[in-house]
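Notes for the one structure printed next.
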Amino acid sequence: MTIATKQTTKKRLVHLRNSLLGLHQKLLDYQRKDYEKKHGRVQSTGKMFTLASSNKDFAWLRSLSELIVGLDGYIDAEEYDTKNVRSLKAYTKKILTPKSTGGGFEQLYYEAVQLDPIVLIAHGQVIAALKSQMPKRGIDKPSKRAHT
């Protein structure tokens, strides 16, 4: 992979990470509203952090948190393997495919996307970042089409 390709890959990975962080924040806000309806207002950032990291109502968001942490580690890598980047993209796409049944993250994510337009917009931003993430031919292979 050339230096320019590595820089482009890193830029795209950072863009994906930033869009995932935005989505994660919107989902935290969504879950916080739901939590506050049941338990009352969350009074501090510290309390919110504790809820997000250890409360069962927020547990469904942890797979997204783990994905972001893993992506952070990958961004810091010296080399990017095209296969690994594709796998990362496929995994991200898979967990961010809302499902109306089945339970777990996908179902709760489906509800959030359906009920909160801000979450829907953030979802769209991640999908756009995924589409720009990896050209169909792979980022380390130039297109065979002639440019006119």
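Read the figures in this text as sums done on the coordinates, not as results from a lab. Every value quoted in this text rests on a predicted model; they were computed, and no experiment measured them. Neighbour counts run over all protein chains shown; Cβ positions are idealised from the backbone, glycine included.
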Exercise. Write down the radius of gyration of region 3-133 and its Dmax, each obtained from C-alpha positions, in Å.
Key: 15.8, 52
Quiz prompt | R0 of 41 Å, Cβ-Cβ distance Thr101-Thr5: FRET efficiency to nearest 0.05 | solution = 0.50
Quiz item: To the nearest 20 debye, what charge dipole does the chain have about its Cα centre, counting +1 at the Cβ of each Lys and Arg and -1 at the Cβ of each Asp and Glu?
Solution: 580 debye
Quiz item: Ser87: net charge of surrounding residues, Cβ under 14 Å, Lys/Arg +1, Asp/Glu -1, itself excluded?
Solution: +4
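With contacts defined as alpha carbon pairs under 8 Å and 6 or more residues apart, what's the relative contact order of region 3-133 in percent?
Rounded, it is 37 percent for region 3-133.
Hand me the GluC sites (Glu not before Pro) from region 59-139 located in a DSSP loop with no more than 11 other Cβ atoms within 10 Å, in residue order please. Could you put the intermediate results ahead of the total?
Details: sites: Glu66, Glu78, Glu79, Glu106, Glu111; in loops: Glu78, Glu79.
When the GluC sites (Glu not before Pro) of region 59-139 are filtered for loop state and at most 11 Cβ neighbours within 10 Å, Glu78, Glu79 remain.
May I ask for the longest run of the chain untouched by trypsin sites (Lys or Arg not before Pro) that are loop-located per DSSP and have at most 16 neighbouring C-beta atoms (other than their own) within 10 Å? It would help to have the intermediate numbers written out before the result.
Values: sites that count: Arg41, Lys99, Lys136, Arg137, Lys144, Arg145.
That gives 42-98 as the longest site-free run.
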